[in-house]
1. From the residues in the range 218-256 that are part of a helix (DSSP H, G or I) and surrounded by 21 or more Cβ atoms within 10 Å (Cβ to Cβ), which one is nearest to the ligand (Cβ to nearest atom)?
2. Which residues, taken from the range 11-48, are part of a helix (DSSP H, G or I) and not assigned by TED's automatic domain parsing to the domain that holds Arg348?
3. Can you work out which of the residues in the range 22-36 that are modelled with pLDDT under 80 and out of contact with any Leu (no Cβ under 8 Å at 6 or more places or on another chain) is nearest to Ala337 (Cα to Cα)?
4. When you look at Phe200, is it within 20 Å of the chain's Cα centre (by Cα) and either more than 15 Å from the ligand (Cβ to nearest atom) or surrounded by 21 or more Cβ atoms within 10 Å (Cβ to Cβ) (or both), yes or no?
5. Based on this model, can you work out whether Arg57 counts as touching a residue at least 24 places away in the same chain (Cβ under 8 Å), closer than 25 Å to His286 by Cα and either assigned to a loop (DSSP other than H, G, I, E, B) or not basic (Lys, Arg) (or both)?
6. Among the residues of the range 100-142, which ones are among the hydroxyl-bearing types (Ser, Thr, Tyr), assigned to a strand (DSSP E or B) and more than 12 Å from the ligand (Cβ to nearest atom)?
7. If you go through the range 143-181, how many residues are in a loop (DSSP other than H, G, I, E, B), within 16 Å of the ligand (Cβ to nearest atom) and small (Gly, Ala, Ser)?
Amino acid sequence: MTRESKRDRSGKEASVQDLVRSCYRSGGYVFASKAEDISEKYGTTRIARLASNENPRSPPERAIEQGCRALADANRYPDETMRSLTKALRLYHGNDYSFVTGVGMDGVIETLTRTLVDPGDGVAISTPTFSFYRLAALAQAAQVVEIPRGPDFSVDPELFVRKAGKVKISFLCSPNNPTGTVTPIPDIEHILTHIDGILFLDCAYVEFSDTDYRPLMQEYTNLVIGRTMSKVFALAGARVGYAFVPSWLAPFYLRASTPFVLNAISAQAAIGALEERSFVDETIAHARYWRKRYEDEIKYPVFPSGANFVMVDVAPFTGDEMVALLAEQGVIVRSCASFTGLANKYIRVSIGLDRENEQFLAAINSI
Ligand SMILES: *Cc1c(COP(=O)(O)O)cnc(C)c1O
């Protein structure tokens, strides 16, 4: 019995919860364990936080400076089209692109799904993958079509087209979370030329890979590329995401989004981060160095990854068992048990600071 219901004078406490839509009665996003909870539970103070694919460094100096400065003007509403941020994005990526922005790429996914999907419309998802596509689709009462990846987690473009040919929007993540798999450009082009709807290509980790999908924006009007400031730019807490969109789509997206979608402080922090290119280069070099060491030194099989994390097959342990064993040694990683379409024998490990990665390698190789 909750505290509110004791005080409830409406007499409707049994029925009010039925007001909640069925898609929100259970499930939801799975969050990583908190460092404080692990150190409390195991009495360890040396914690390696390797569960959320964050950048372990503090944000770029310019991001901090410009974000702080923007706070001084926060009495005014921000520009609703995020003109200064989109200008900074064009400076960073090139003048030929159109952008939309959102509260994290998650916010972009949510708004774009709301822009396109009516109840009962089809939404296709290449699985196993990031869970938020499904949550965003179900929120619009969409019909979700899953397209399973192969045994090596590659995408079969023919199967993709067969299953997603008629849906409004399809989600494909490359490098894929949690497997790390990169989908080759010709496979993406095959999909783009054979589907009727939009392909949302989630490139949250693309900076860590050798693949650049951006030139495809010049040739296809049904491609959206999602990007984020949360990973390589170290601004996960600022919640800034954006997407390359075909120019026809931007005005519709703005109509569907909440009026002032992104706050001015985060937007200025993002602009500062985009101006500090050396930070990005250093982050990528660090990730590539450690990705190689993870592949070479972890004693369990590691899947090839284009991201700042790897997926590890930890059989005969389950993912959940390995997470618990590593937590005893102060290492927080992610079990892949909650990803639909994936057996419970995988963990996902981010690349952290040198000290954290050494701690993880010693811990996993002792188990
Ligand atoms: C982290 C992540 C995102 C987006 O993160 P935001 O913080 O919302 O920008 C999107 N897709 C994938 C696959 C991710 O791992």
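The values are calculated or read from the model by the stated rules, or taken from the named source; none is laboratory data. Quick caveat: nothing in here was measured; it's all calculated off a predicted structure. Note that each Cβ is placed from the backbone with ideal geometry, even for glycine, and that neighbours are counted across all protein chains shown.
1. Step by step, filter the range 218-256, then rank; the result is Ala238.
2. Glu13, Ala14, Ser15, Val16, Gln17, Asp18, Leu19, Ser22, Cys23, Tyr24
3. Val30
4. Yes: the conditions hold for Phe200.
5. yes
6. Correct list: Thr127 only.
7. Qualifying residue count for the region: 2.
One line per residue, one yes/no per condition, for (1) farther than 14 Å from Arg46 by Cα; (2) modelled with pLDDT of 95 or more; (3) polar (S, T, N, Q):
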{"residue": "Val323", "(1), (2), (3)": "yes, yes, no"}
{"residue": "Cys336", "(1), (2), (3)": "yes, yes, no"}
{"residue": "Thr340", "(1), (2), (3)": "yes, no, yes"}
{"residue": "Asn344", "(1), (2), (3)": "yes, no, yes"}
{"residue": "Arg348", "(1), (2), (3)": "yes, yes, no"}
{"residue": "Ile351", "(1), (2), (3)": "yes, yes, no"}
{"residue": "Gln359", "(1), (2), (3)": "no, yes, yes"}
{"residue": "Ala363", "(1), (2), (3)": "no, yes, no"}
